[in-house]
Amino acid sequence: MERSTIAGNRSNDFLMCLLAGFSTRMGNPKQHVRIGQKTFLERIIEKGRILNSNFCGFIFVGRENDEISKKSVIAEKWNWLENSHPEDGPLSSIRIGLSTIRTGNGFWLWPVDFPLVETATLEVLIKSSIEHKDDIVIPSYDNRRGHPARFPAWTRKFLFEAPLEEGARWVLKKFPEKILHVNTNDRWVVENLNTPEALKNAEIKLNFEVDFKG
């Protein structure tokens, strides 16, 4: 199995994956949608295995009755939590995840609809977070903010103060001077695969890349 190139540099952070949304625009739960031969969730779990040594733990916040996702996460001996009120939005899931994390730990926020972020990109982001422990670390592609984003421990208080409808962006707006943008050539940090059209476009881009490299 592929291993992280930064093994030994364990951070004090958890990785939190959000998959409790309604997936209204996609039409099916995004975690179970396939791109290529793997589902979104399978791709994230695969990268999590590679980077396992760099995190304190993994938290997946999903919906009730999503037994497929629950089984997959528990099989990795990772934490599965359920959001009984997903209509309250992503911030409600973040708070559920934070309730299981010690106050001194930061966390990475990885929405399930960004499954194609490259492992090398994640490693660069982790290195940046280790070097800038008090900063909010966000990948940037073509001057656009992407995911996953890292929130240090001090942001916890403000994530519980933020209005549900504004989500984690409220914290970014409140502390712009604490944001570290990490430029990357990985377009997938900004490719939100939340519609059938976005999925189709991603498949076209992937096929082009395979043909070009060949």
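Summary table
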{"item": "GNM top mover of T39, T24, T184 - the chain, alpha-carbon springs below 10 Å", "result": "T24"}
{"item": "Links that overshoot a 24 Å alpha carbon limit, given the list K71/K133; K38/K200; K133/K173; K30/K133; K70/K205; K30/K77", "result": "K71/K133; K30/K133; K70/K205"}
{"item": "Using alpha carbons only: equivalent-ellipsoid semi-axes of the chain, gyration tensor based, whole Å", "result": "24, 21, 18"}
{"item": "Shape call, segment 1-110: gyration tensor on alpha carbons, a/c limit 1.5", "result": "oblate"}
{"item": "Gain in span if fully extended, W154 to L180, counting 0.36 nm per residue against the direct Cα distance", "result": "7.9 nm"}
{"item": "Choice from I130, I59, I138 showing the highest fluctuation, given a GNM over the chain with Cα pairs closer than 10 Å", "result": "I130"}
{"item": "Paramagnetic reach from L164 in segment 46-67 [backbone N under 17 Å; point 7 Å along Cα→Cβ]", "result": "62-64"}
{"item": "Residue-wise HN-Hα coupling along segment 182-195, computed from phi with Karplus coefficients 6.51, -1.76, 1.60 (Hz; x: Gly, Pro)", "result": "9, 5, 9, 8, 8, 5, 6, 5, 10, 8, 7, 8, 10, 9"}
{"item": "10 Å Cβ shell holding at most 12 others, DSSP loop, trypsin sites (Lys or Arg not before Pro): longest site-free stretch of the chain", "result": "103-214"}
{"item": "Residue of F60, F22, F40 that the Gaussian network model of the chain assigns the largest fluctuation, springs spanning Cα pairs under 10 Å", "result": "F22"}
{"item": "Under-5 Å amide H pairs with A149, H placed in peptide plane, nonlocal only", "result": "L109"}
{"item": "Interchain or long-range residues, amide H under 5 Å from V182's placed H", "result": "I138, S140"}
{"item": "Shape of segment 34-84, Cα gyration tensor, a/c cut at 1.5", "result": "oblate"}
{"item": "Whether segment 118-214 is rounded, prolate or oblate, judged on the alpha carbon gyration tensor where a/c under 1.5 counts as rounded", "result": "oblate"}
{"item": "Estimated FRET transfer efficiency when R0 is 35 angstrom, pair K133-E46 (beta carbons, to 0.05)", "result": "0.80"}
{"item": "Potential lengthening between I204 and S84 on full extension [0.36 nm per residue; Cα-Cα distance subtracted]", "result": "39.6 nm"}
{"item": "Ranking of D134, D113 by count of other Cβ atoms within 10 Å, fewest first", "result": "D134, D113"}
{"item": "Interchain or long-range residues, amide H under 5 Å from E82's placed H", "result": "G62"}
{"item": "Segment 22-28 - phi-based ³J(HN,Hα) in whole Hz, Karplus 6.51/-1.76/1.60, Gly and Pro as x", "result": "7, 6, 4, 6, 6, x, 9"}
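Here, each number is a calculation from the coordinates, and none is a lab measurement. Everything quoted here is computed from the prediction, not taken from an experiment. Note: ideal-geometry Cβ built from the backbone for every residue, glycine included; neighbour counts use all protein chains shown.
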